[in-house]
Every structure is written in C-alpha cells, then in structure tokens.
Amino acid sequence: MNRDETTPSSAPPNARPAPPEAGGKLFGLLAELADPESLMRACARVRDAGYTAWDAHTPFPIHGLDRAMGLGKSWVSAFVLVLGLSGAAFGMLMQWWISTRAYPLVISGKPLFSWPAFVPVMFECGVLGGALGALGGFLYKSRLPRHHHGLFASERFERVTDDAFFISIEASDPRFDAEETARLLREAGAHHVELVHA
Amino acid sequence: MAHVAYDIDPVEHRPALIEGDPDFHGITEAVARPVEWRPPWGWYAVLAASLSLLGLFGVSIAWLFWEGVGIWGNNVPVAWGWPIINFVFWVGIAHAGTLISAVLFLFRQRWRTSINRAAEAMTIFAVMCALIFPGIHIGRPWLPYWMLPLPNQMDMWPQFRSPLMWDVFAVSIYGTVSLIFWYVGLIPDLATIRDRARTRLRRIVYGIFALGWRGSFRQWLHYEKAYLLLAGLATPLVLSVHSVVSFDFATSQLPGWHTTIFPPYFDAGAIFSGLAMVVTLMVICRVVFKLEHVINPLHFDRMAKLMLLTGSLVGYAYSMEFFIAWYSGNLYELFVFINRATGPYAWAYWTMVSCNVIVPQFYWFKRLRTHMGFLFVSSILINVGMWFERFVIVVTSLHADFMPSSWDYFKPTFWDLATLAGSFGLFFTMFTLFVRFLPMVAMAEVKSVLPQAHVHNRPK
C-alpha cells in the first residue's frame, strides 16, 4: 500500500508534499475538516474554485451540503417511477392472461377479466417494482458495489464511517495541482491535507 | 406524579433524543460494542433457550409432514385453527417495524432513529415466522408451489379472484420490500463495522455486504432519495398487507368475519401488537447491551403513546362490531357476537378485552409510559391479548356455524402448542443472532439527530 501519510497540519501552506512512492499512481488530495459547518464552508469554496472531480465524505448525510457542493437532484426517483409502473402493468397483464387465456374459469358469473379483483395483486407488483427500482437506481447511480477505490489507501480515511469529515479532490480533475489545490483546501479550513496514492 | 426530566437539545430546544450528550465517536463505540466484543453470558443463555424452541419447531413440522394435519386440533367446523391464528399474529407483529421505519420517517419523527433498525429486523423475522404457517398448513407440503403462478405440467393456474392469492403476493412482497429497505439502511453501518474490523475475516465479510461504501456525499444524495422513496412505497404497502389479510376473512360470508370494519381494525391491531413486541425486545436489549442513553425513556414514552392510540382504536373496533351486530338487525350476526361474549369462549373474549382495551389505558400516565418494568409486563400482556384477538375471530366465528348439529368446541392439541412455541424459537433465534452480528441501532441516522450534526450548531 503506497500512501503519503504525513503532511502535518502545522506545515506552512506552501510546503511541498513528499514525492509519490514508486509504483503508486497519484489518486488525489484528501483533506480533513473539523465539523459539519467547516465542511460545508469548504465545500462551497471548492465548488466556487471550479473543481469537478471532487467529493465530500461524511459519516451521515448533512442537509444543505448538496447545495454547497453544487449538486442537482438525485434521479433515483426516475428508476422508481418507471419500474413501479412497469411492475403494476406486469401484474395486471399477468392476471389478465391467466384469467382469460391460460386458465379461463367462470367464478360466480363474473366476467373473465373482472379487473377490480385484480387490483390488490397489481398494486403489490407495482410496489415490488418500485422497491427494486429504488435499490437498483441507488446502486447504479452511486456506482456500487465498488470494493476498490483510491481513497481506501488512506488509513485516516477509515474514520469517515465513524466521526471524520473529508473532502477529496481527484488528480484527474483538470484544475488539479498538488500544491495549489492543497493550499486551497488549507485556506478553506482543512486541518489535515494528504496526498493519496492508489 | 413525578416529572421525568429529559436533557434539552441545545439547537432545537426540545427534549434531546440521545441522553448524555455523546459525540459521534461515542455513538459508534456504544453501538459497535455488542458486534465486536464477547457477548455477555445472558446472550448465550437466550440463544440456547431460543435454539431449543427452534428444535421443537423442527420436530413439530417433521411430525406434521410425517403424520398430516390431523395432529392439530383443526376439524370441521373449525377447519381454520391455530395455523391461521399464528399466521395473522406474526404478520401483525411485523407491521410495527414498517410503521417505525417508514411511516414515522415520512412524518419526520426523528426519535425513530434509535429503534428503527431493530424494529425492521423484527419485521423480517416475524414475516419469516408468518410465511411458514400457510406453507405447512396446506396438507400436501410438497406442493406449496401451487400457490405461485408457475407454468406446470397440469396447465393449471392460480385463481386471482381469491383473497388467499392476494395474500400470497401481499405477504411475500412485503417480506421482500422490508428486506430491501432494511439492507439499504444497513449499508453505511456495515461500512463502519468494516472500517473498525481488527481481523481480516471480519473486514472481508462485512466489507462484501458494505458494497464498498465510502460515505461520499454524491452517494448519500442517491441513498437518501432511495430511502425516502422506499419509505413512501412501504407505507401504503404495510397498510395493504394487513388489509389483504383481513380480506381473507371479510370476503367470506361467515357472520363475525363478513364486515367492512376489518381492514382498518386489523391494521390498528397489527401496529398495536408490533409496537408491544418492539417494547418487549428493547426493554431487554438496551440493558444487556448498555444502550440506555441511545434507547431512553423518551423513546418508550412515544411508543407507549402510539400503543395507547392504536389500542384505543382496537377497543373502538370491538365496540363498533357489537353495535353493528345489533343495529344491522341480522340475527346470525347478533348471535355470533353474543356468543363471543357469553358463550363457551367467553374466557378468551374477556382475556382479549382486558389485555387490549384496559391495559393500554394505563399509558395515559407518563410515569407508567417511562417505567421499564411496567412497560415490559404490559407489552407482553398486549401481545397475549392480540394473539387471543385472532383466536376469538377465527374460532368463535367458526365453532357455532349455521347448522347447530355441527357445532363443536375447538380444542388445541399438544402439537398446536408446540408449533406456536416453536415459532417463537425461530423468531428469537434470529433476533438473538441479529443483535450479536449486526449493529442494532442505525448509527449513521442517530449521529444525524445529534445537536453537533447541525450545521448551525456553534461549538461552545
């Protein structure tokens, strides 16, 4: 595992980060913030500086951070709508086919396609479709499962699921510059900035 | 009346949801401890007892498959005996989990975060218990696939005008959706356990299920949308499930079953009994796993208020059934209800009324709503009452039907009792394993309701 652990927070902002170790590809910069409020301010600065390949990492969702990061609406809802309606349509179609084509039986003189009796199963199938859409849409949009990621190289990053708040800026960002970007993050309030090599 | 004092949340100026003002790391430590440390001896004792009952369940089912449904007390006129009672009982228990996780989420009841994980787990295990009963009740246990719309060599298909078919879809889809909802909620917490793992095995196993979650806010955004929509889907689903269960009865023409009040009455009863089960489990778990500050009297106070509400609704339904039986002028209907209250099963009816109508009325008093001993005893009494409610509905309506020559007094057999006790074995085995191997409190959600999580909370 290649990592550049120690860029102490007391170092002057223009201190050169240590050169990447042999074989380690530079993933980007990881900055730690003290609390949700400083994270939100820092995110607004990174957003205004025009970065695109960057992210905030938190142990729990923080409301308003989407605006500070300049993110739009999550379209998981589209998956739910489409799959929910498809599920309901499939449910009704299946019952129509079974009751009128595959196994037509006259029950208490009712028409073969007595649709009001088919509403409960149609509804349940719709809910199943919607729930699968929510799960699938969430996994697809957030690119999960993904067990290998550059940030996992950082030991400090393990606390993101406990109590630490981070901003990561990837080296693939056109505006990325190891020194300039690190300075921006420090000025934005980060108390620890490190280079991560994946 | 002694006043129960709560800590005050410094941001919202309302009672603090978590006692003792812990930091984020403190929550992680408190919740992860049972998953990471040797469990107390009590855990082994409960697991041993649950496994014994689970063994009894296995023996009962094996004997049933060998000998047939004749080992139960089911017989004409009471052809629907304990298996159906137990099925409705367990489905009902499940409903409070979805109420807490989905309905209270939509109503922005933030106190739910301390108990929703355990309540959802309870939902899944209760649905498992419920699904077993119709499966083993069919008489020919090698043919349960007849309940599903599967192509087969007989070219036969299910009859979708029957509420029993609706039930197959409602309950199995309810189980599936609850599992999805529960798992999506678990992902961030599984990642926490992964990141704290000290052994390679734990890191790999929890890591696989955590899907590589890294707390990215771009992921949180989709996560929250998915969670909100799942809550929105689960809310009408849970109401539809017990409505469909009640249709099994209400669409028949039997006096005592054929009433329009059944869907709302069943829904209220289901949530009532499920909340009582959550209270029973949480009173124990918070002490055993030292989570008293996370699951504190405030949560019990609010659950007790919900039990008071749903218990009163159930009481209203009991009296309205009687009123309509008289007001309808239908002699058969009137007979069934008078027979319920004064006939051979009057003992069961009055057990039900005492447990379900009188016991929750004590929750008008705040001191009793926050008294753990009282909550424990009363919640068990409520579940006894709710089991008897289903007994009363099924047995008293059937045992004296239209033809007096076939009237009979239904009695359960040893195997009826063993199967019911065994299903509790399955439920408690699953729950005991759950509290040991998965975080029983939704850590990420609890952290988000702490005052420090507020962006505008200035450090003092």
Only counting protein heavy atoms at a 1.4 Å probe, give the residues of segment B:152-192, ordered by number, whose accessible area falls by 40 Å² or more when the other protein chains are present relative to the chain alone. B:157, B:159, B:160, B:161, B:166, B:169, B:173, B:180
Relative intensity, log₁₀ I(q)/I(0), of segment B:370-460 from a Debye sum that treats every alpha carbon as a point, q = 0.11, 0.19 Å⁻¹: -0.66, -1.10
Around residue A:84, under 15 Å between beta carbons, what's the net of Lys plus Arg minus Asp minus Glu among the other residues? 0
Let me have the 222 nm mean residue ellipticity of chain B computed from DSSP H runs of 4+ only, each contributing -39500 (n - 2.57), with the sum over all residues rounded to the nearest 500. -21500 deg cm²/dmol
Within a 10 angstrom radius of each residue's Cβ in B:16-24, how many Cβ atoms of other chains show up on average? Whole number is fine. 1
Among A:62, A:98, A:167, which one moves the most in a GNM of chain A with springs linking Cα atoms closer than 10 Å? A:98
Inter-chain shielding metric for B:203-212, i.e. average beta-carbon neighbours from other chains within 10 angstrom, reads 3
Pick out, in residue order, every one of the trypsin sites (Lys or Arg not before Pro) in segment B:58-144 that is DSSP loop and has at most 14 other C-beta atoms within 10 Å; say none if there are none. B:108
Nearest 100 Å² is fine: how much accessible area is buried between A and B, summed over both sides, with a 1.4 Å probe? 5700 Å²
Kindly report the accessible area of segment B:224-350 per residue (heavy atoms of protein chains, probe 1.4 Å, no ligands, DNA or RNA), in Å². 36 Å²
Using alpha-carbon coordinates, inclination of helix B:262-288 to the longest axis of chain B, degrees: 40 degrees
Summarise the accessible area of the protein assembly as shown (1.4 Å probe, protein heavy atoms) by the percent that is carbon and sulfur. 67 percent
In whole Hz and in residue order, list the ³J(HN,Hα) couplings for segment B:170-181 that follow from phi through the Karplus curve 6.51 cos²θ - 1.76 cosθ + 1.60, θ = phi - 60°; x for Gly and Pro. 4, 6, 6, 5, 4, x, 5, 5, 4, 5, 4, 4
May I ask you to give the solvent-accessible area per residue for segment B:26-108, in square angstrom, as obtained with a 1.4 angstrom probe? 42 Å²
Mind listing which chymotrypsin sites (Phe, Trp or Tyr not before Pro) in segment B:7-103 are in a DSSP loop and have 11 or fewer other Cβ atoms within 10 Å? B:37
Net charge near residue A:139: determine it from the other residues with C-beta under 13 Å of the C-beta of residue A:139, scoring Lys and Arg +1 and Asp and Glu -1. +4
Find me the longest stretch of chain A that has none of the exposed chymotrypsin sites (Phe, Trp or Tyr not before Pro), where exposed means in a DSSP loop (not H, G, I, E or B) with at most 16 other Cβ atoms within 10 Å. A:114-198
Between the Cα axis of helix B:82-98 and the main Cα principal axis of chain B, the angle (0 to 90°, nearest 10) is 30 degrees
Its Cα gyration tensor gives chain B an equivalent ellipsoid whose semi-axes in whole Å, largest first, are 40, 26, 21
Roughly what angle does helix A:119-141 make with the longest principal axis of chain A, taking Cα atoms, 0 to 90 degrees, to the nearest 10? 20 degrees
Listed residue pairs exceeding 31 Å between alpha carbons, taken from A:25/A:141; B:290/B:366; A:141/B:290; B:305/B:447; A:73/B:447; A:25/B:225: A:141/B:290; A:25/B:225
Looking at chain A as a GNM with Cα springs under 10 Å, which of A:53, A:42, A:102 has the largest mean-square fluctuation? A:102
Express the accessible area of segment A:76-141 per residue in Å², computed with a 1.4 Å probe while the remaining protein chains stay in the model. 49 Å²
Taking the alpha-carbon centre of each part, the distance from segment B:263-277 to segment A:68-83 in Å is 34 Å
Max mean-square fluctuation residue, GNM over chain A, Cα-Cα springs under 10 Å, options A:158, A:124, A:187: A:124
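The values are calculated or read from the model by the stated rules, or taken from the named source; none is laboratory data. It should be emphasised that the depicted structure is a prediction, and the values quoted were computed from it without experimental measurement. Positions of Cβ are generated from backbone atoms using ideal geometry, with glycine treated the same way; all protein chains shown enter the neighbour counts. These area figures cover heavy atoms from the full protein model, side chains too; ligands, DNA and RNA do not enter into them. Shrake-Rupley method; radii C 1.70, N 1.55, O 1.52, S 1.80 Å.
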